[in-house]
Amino acid sequence: MLDLYNIKYDRETLKQNIYAVRLIDILKTQKIDHTFAVRYILNKNYQLCKEDQNIDTETILFNQPHILKSDLQREILKYDKDDDSVDDFETVSNK
């Protein structure tokens, strides 16, 4: 299990453990970029708990002040598939 509150992880580690942590915890404790925010944090495929389902762009901008609203909006508009995604939850949990 990742120790999000005490250790900073790289994108690949966060991606590999996306089903093992809450997205809101990633958002509050890790420094992510706008592409990670759109592909994972805002992606309904990875929002497993109620609190994660309530994350919106304002929540991201509040917790990640280095992300520009314009960059986030541009990424949302251009992102149309999970080309950087991980396997679905069932596949990962059966490994």
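The values are calculated or read from the model by the stated rules, or taken from the named source; none is laboratory data. In this text the structure is predicted, and so the values were computed from the model without any measurement. Backbone-built Cβ (ideal geometry, glycine too); neighbour counts: all protein chains shown.
Couple of notes before you dig in:
- Residue selected from region 1-58 under the condition farther than 26 Å from L77 by Cβ and under 11 Å from the mean Cα position of the chain (by Cα), by the criterion surrounded by the most Cβ atoms within 10 Å (Cβ to Cβ): V21
- Qualifying residue in region 59-70 (condition: touching a His at 6+ places or on another chain (Cβ under 7 Å) and either assigned to a helix (DSSP H, G or I) or at pLDDT 95 or above (or both)): yes
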